[in-house]
Amino acid sequence: MKINSTILGQLISFIFFVLFCMKFIWPKIIKVIKKRQQEVYDSLILVKEAKEKVHKINSKNLLKIRATKKKCSQIIQNALEKKHFIIENAKKKAFFEQKKMLEEAKLSISFNKIKVKNELKKKAVLLAIKIAKKILNKEVQKSDYLNKSIKQFIVDFKGA
(Lines give C-alpha, C1' and ligand atoms only; values in the text may rest on other atoms or scores of the structure.)
Protein backbone atom coordinates (compact mmCIF):
# COMPACT_ATOMS: atom_id res chain seq x y z
CA MET A 1 0.00 0.00 0.00
CA LYS A 2 1.37 3.25 -1.03
CA ILE A 3 0.66 6.44 0.75
CA ASN A 4 0.46 8.96 -1.91
CA SER A 5 0.60 12.70 -1.70
CA THR A 6 -3.15 13.19 -1.82
CA ILE A 7 -3.75 11.15 1.28
CA LEU A 8 -0.82 12.86 2.95
CA GLY A 9 -2.20 16.29 1.96
CA GLN A 10 -5.61 15.38 3.25
CA LEU A 11 -4.08 14.12 6.50
CA ILE A 12 -2.10 17.31 6.99
CA SER A 13 -5.09 19.52 6.19
CA PHE A 14 -7.26 17.40 8.53
CA ILE A 15 -4.70 17.82 11.33
CA PHE A 16 -4.59 21.60 10.69
CA PHE A 17 -8.38 21.66 10.71
CA VAL A 18 -8.53 19.74 13.99
CA LEU A 19 -5.85 21.95 15.56
CA PHE A 20 -7.63 25.06 14.30
CA CYS A 21 -10.95 23.80 15.71
CA MET A 22 -9.32 22.87 19.04
CA LYS A 23 -7.63 26.25 19.31
CA PHE A 24 -10.41 28.62 18.17
CA ILE A 25 -13.79 26.87 17.86
CA TRP A 26 -13.70 24.18 20.58
CA PRO A 27 -13.16 26.61 23.52
CA LYS A 28 -16.15 28.72 22.42
CA ILE A 29 -18.33 25.62 22.12
CA ILE A 30 -17.17 24.37 25.52
CA LYS A 31 -17.76 27.82 26.99
CA VAL A 32 -21.33 27.90 25.60
CA ILE A 33 -21.96 24.34 26.80
CA LYS A 34 -20.67 25.16 30.31
CA LYS A 35 -22.74 28.33 30.34
CA ARG A 36 -25.80 26.33 29.29
CA GLN A 37 -25.05 23.65 31.89
CA GLN A 38 -24.78 26.33 34.56
CA GLU A 39 -28.10 27.85 33.47
CA VAL A 40 -29.77 24.43 33.57
CA TYR A 41 -28.22 23.73 36.99
CA ASP A 42 -29.35 27.14 38.29
CA SER A 43 -32.82 26.55 36.85
CA LEU A 44 -33.00 23.15 38.54
CA ILE A 45 -32.00 24.72 41.84
CA LEU A 46 -34.64 27.44 41.38
CA VAL A 47 -37.23 24.81 40.54
CA LYS A 48 -36.27 22.82 43.63
CA GLU A 49 -36.50 25.96 45.80
CA ALA A 50 -39.83 26.86 44.21
CA LYS A 51 -41.14 23.33 44.91
CA GLU A 52 -40.04 23.65 48.54
CA LYS A 53 -41.72 27.06 48.81
CA VAL A 54 -44.90 25.70 47.25
CA HIS A 55 -44.79 22.74 49.65
CA LYS A 56 -44.32 25.09 52.63
CA ILE A 57 -47.11 27.37 51.42
CA ASN A 58 -49.40 24.37 50.88
CA SER A 59 -48.69 23.04 54.36
CA LYS A 60 -49.31 26.52 55.84
CA ASN A 61 -52.53 26.78 53.85
CA LEU A 62 -53.63 23.34 55.04
CA LEU A 63 -53.00 24.41 58.63
CA LYS A 64 -54.96 27.61 58.05
CA ILE A 65 -57.79 25.66 56.42
CA ARG A 66 -57.90 23.24 59.35
CA ALA A 67 -57.90 26.12 61.83
CA THR A 68 -60.62 27.87 59.86
CA LYS A 69 -62.69 24.69 59.72
CA LYS A 70 -62.29 24.32 63.49
CA LYS A 71 -63.40 27.92 63.99
CA CYS A 72 -66.36 27.39 61.66
CA SER A 73 -67.46 24.25 63.46
CA GLN A 74 -67.04 26.06 66.79
CA ILE A 75 -69.14 28.98 65.52
CA ILE A 76 -71.80 26.58 64.23
CA GLN A 77 -71.79 24.69 67.54
CA ASN A 78 -72.13 27.95 69.48
CA ALA A 79 -74.96 29.05 67.19
CA LEU A 80 -76.79 25.75 67.72
CA GLU A 81 -76.36 26.02 71.48
CA LYS A 82 -77.60 29.61 71.39
CA LYS A 83 -80.57 28.53 69.25
CA HIS A 84 -81.50 25.83 71.77
CA PHE A 85 -81.06 28.29 74.64
CA ILE A 86 -83.29 30.87 72.92
CA ILE A 87 -85.92 28.25 72.12
CA GLU A 88 -85.93 26.99 75.71
CA ASN A 89 -86.21 30.54 77.06
CA ALA A 90 -89.04 31.26 74.64
CA LYS A 91 -90.84 28.09 75.75
CA LYS A 92 -90.41 29.04 79.42
CA LYS A 93 -91.62 32.60 78.77
CA ALA A 94 -94.58 31.25 76.80
CA PHE A 95 -95.42 28.83 79.61
CA PHE A 96 -95.31 31.59 82.24
CA GLU A 97 -97.28 33.91 79.95
CA GLN A 98 -99.84 31.16 79.47
CA LYS A 99 -100.12 30.70 83.24
CA LYS A 100 -100.44 34.44 83.73
CA MET A 101 -103.15 34.72 81.09
CA LEU A 102 -104.96 31.71 82.57
CA GLU A 103 -104.89 33.24 86.05
CA GLU A 104 -106.13 36.56 84.66
CA ALA A 105 -108.93 34.74 82.84
CA LYS A 106 -109.87 32.85 86.02
CA LEU A 107 -109.87 36.10 88.00
CA SER A 108 -111.97 37.78 85.35
CA ILE A 109 -114.40 34.87 85.31
CA SER A 110 -114.72 34.80 89.10
CA PHE A 111 -115.14 38.60 89.19
CA ASN A 112 -117.83 38.41 86.51
CA LYS A 113 -119.46 35.50 88.36
CA ILE A 114 -119.63 37.51 91.58
CA LYS A 115 -120.91 40.54 89.68
CA VAL A 116 -123.62 38.47 87.97
CA LYS A 117 -124.58 36.87 91.31
CA ASN A 118 -124.92 40.29 92.92
CA GLU A 119 -127.00 41.56 90.00
CA LEU A 120 -129.20 38.47 90.19
CA LYS A 121 -129.61 38.92 93.95
CA LYS A 122 -130.60 42.57 93.44
CA LYS A 123 -133.04 41.62 90.70
CA ALA A 124 -134.45 38.79 92.81
CA VAL A 125 -134.86 41.11 95.78
CA LEU A 126 -136.50 43.77 93.62
CA LEU A 127 -138.74 41.14 92.08
CA ALA A 128 -139.61 39.79 95.53
CA ILE A 129 -140.34 43.32 96.70
CA LYS A 130 -142.57 43.98 93.70
CA ILE A 131 -144.42 40.72 94.29
CA ALA A 132 -144.74 41.47 97.99
CA LYS A 133 -145.90 44.99 97.19
CA LYS A 134 -148.58 43.74 94.83
CA ILE A 135 -149.73 41.15 97.36
CA LEU A 136 -149.72 43.67 100.16
CA ASN A 137 -151.46 46.29 98.04
CA LYS A 138 -154.30 43.90 97.38
CA GLU A 139 -154.65 42.74 100.96
CA VAL A 140 -153.70 45.76 102.90
CA GLN A 141 -154.87 48.78 100.98
CA LYS A 142 -156.33 50.40 103.98
CA SER A 143 -153.31 50.35 106.23
CA ASP A 144 -151.35 53.50 105.56
CA TYR A 145 -148.66 52.76 108.08
CA LEU A 146 -147.70 49.46 106.40
CA ASN A 147 -147.49 51.12 102.96
CA LYS A 148 -145.15 53.77 104.29
CA SER A 149 -142.92 51.13 105.90
CA ILE A 150 -142.71 49.17 102.65
CA LYS A 151 -142.00 52.29 100.63
CA GLN A 152 -139.32 53.31 103.10
CA PHE A 153 -137.78 49.83 102.94
CA ILE A 154 -137.73 49.97 99.11
CA VAL A 155 -136.12 53.42 99.10
CA ASP A 156 -133.51 52.27 101.64
CA PHE A 157 -132.75 49.10 99.71
CA LYS A 158 -132.37 50.91 96.36
CA GLY A 159 -130.09 53.50 97.94
CA ALA A 160 -127.84 50.81 99.40
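Could you list, ordered by first residue, the pairs with Cβ atoms under 9 Å in which the first is in region 51-68 and on the phi > 0 side of the Ramachandran plot and the second is in a helix (DSSP H, G or I) and loosely packed, with under 10 Cβ neighbours inside 10 Å, at least 6 apart or interchain?
none
Pick from N118, N112, N137: which is surrounded by 10 or more Cβ atoms within 10 Å (Cβ to Cβ) and at pLDDT below 70?
On the way: N118 fails: at pLDDT below 70; N112 fails: at pLDDT below 70.
Result of the check over N118, N112, N137: N137.
The values are calculated or read from the model by the stated rules, or taken from the named source; none is laboratory data. Every value quoted in this text rests on a predicted model; they were computed, and no experiment measured them. Because the Cβ atoms are built from the backbone with ideal geometry, glycine has one as well, and the counts that use them run over all protein chains shown.
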